[in-house]
Amino acid sequence: MNDPSASPASNHTPGSATASTLALQGVYLKDCSFEAPEGPRANGQWSPQISLDLNTNVRQLNGDVREVVLTVTVSAKQGEQTLFLVEVKQAGAFIMQNLSADELKRAVGSICPNVLFPYARAVVSQLVSQGGFPQLLLPPVNFDALYVNAQAEADGAVKN
């Protein structure tokens, strides 16, 4: 993953005996929930405050296979009333071989969530629509920028 011209799925750095590998093995919906405390009945105006929270977790399944879970939580409120709350846990199994600690952090914090987010976004949209609400299309998320910001914050916290 040191050579920017190499594919992120596999990389062989000249002079190294081992190649680093990041390969998707499967994508699956691990868990989801939808709550609409009052149902789709609104007071005629549809201008909710939408809140989006993202979280990524990783665990080793076996050998070099790791499960990365992207949790997407979306809530919609109209004033103090919660219209709906959706939580989707979109997971993927990834082979991660010979990655340095920094490469592993980047894979889990940026590359894998970039792969999983479109699947989670589709599930959120489907659940909201099936709940009787207007279609909700989540905007794209720049996980690369989020990762860089998180690393900068972590570096700043260490220096202080």
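Restrict the check to region 41-49 and report whether at least one residue is assigned to a strand (DSSP E or B), without any contact (Cβ under 8 Å) to a residue 12 or more places away in the chain and farther than 20 Å from TYR119 by Cβ.
Going through region 41-49, the residues assigned to a strand (DSSP E or B) turn out to be 49.
Of the ones still in play, those that are also without any contact (Cβ under 8 Å) to a residue 12 or more places away in the chain are none.
No - not one qualifying residue is present in region 41-49.
Does region 122-160 hold any residues that are surrounded by fewer than 16 Cβ atoms within 10 Å (Cβ to Cβ), outside any helix (DSSP H, G or I) and among the hydrophobic types (A, V, I, L, M, F, W, C), and which are they?
Within region 122-160, just LEU137 meets the criteria.
Among what's in region 20-39 and is in a loop (DSSP other than H, G, I, E, B) and at pLDDT 90 or above, pick the residue that is nearest to GLN126 (Cα to Cα). Quick ask: steps written out before the conclusion?
Here is the first cut: in region 20-39, the residues in a loop (DSSP other than H, G, I, E, B) are 36-39.
Checking which are at pLDDT 90 or above leaves us with 36-37.
Working: ALA36: 14, PRO37: 18 Å.
Only one residue fits best here, namely ALA36.
Could you say whether any residue in region 85-96 is assigned to a strand (DSSP E or B), closer than 17 Å to GLN126 by Cβ, open to solvent by 20 Å² or more (accessible area, probe 1.4 Å) and among the charged types (D, E, K, R)?
Scanning region 85-96 turns up at least one residue that is assigned to a strand (DSSP E or B), closer than 17 Å to GLN126 by Cβ, open to solvent by 20 Å² or more (accessible area, probe 1.4 Å) and among the charged types (D, E, K, R).
From the residues in region 40-79 that are of a type in the set (Lys, Arg) and modelled with pLDDT under 95, which one is least open to solvent (accessible area, probe 1.4 Å)? Let's see the steps before the verdict.
Kept after step one, since they are of a type in the set (Lys, Arg), are these residues of region 40-79: 41, 59, 66, 77.
Those left that are additionally modelled with pLDDT under 95: 41, 77.
Details: ARG41: 165, LYS77: 87 Å².
So, considering only residues that are of a type in the set (Lys, Arg) and modelled with pLDDT under 95, the one least open to solvent (accessible area, probe 1.4 Å) is LYS77.
Which of (1) free of Cβ contacts under 8 Å to residues at least 40 places away in the same chain; (2) out of contact with any Leu (no Cβ under 7 Å at 6 or more places or on another chain); (3) hydroxyl-bearing (Ser, Thr, Tyr) does THR82 not meet, given it meets every other one?
Unmet for THR82, out of (1) free of Cβ contacts under 8 Å to residues at least 40 places away in the same chain; (2) out of contact with any Leu (no Cβ under 7 Å at 6 or more places or on another chain); (3) hydroxyl-bearing (Ser, Thr, Tyr): (1).
Any residue in region 20-33 that's over 18 Å from ASN114 (Cβ atoms) and among the charged types (D, E, K, R): show its pairings with residues that are modelled with pLDDT of 95 or more and surrounded by 12 or more Cβ atoms within 10 Å (Cβ to Cβ) at Cβ separation under 6 Å, as long as the two are six or more apart or on different chains.
ASP31/LYS89
The values are calculated or read from the model by the stated rules, or taken from the named source; none is laboratory data. Note that the structure is predicted; figures quoted are calculated from it, not measured. Here the Cβ is made from the backbone with ideal geometry for all residues, glycine too, and neighbour counts use every protein chain on show. Surface areas here come from the heavy atoms of the whole protein model, side chains and all, with no ligands, DNA or RNA. Shrake-Rupley method; radii C 1.70, N 1.55, O 1.52, S 1.80 Å.
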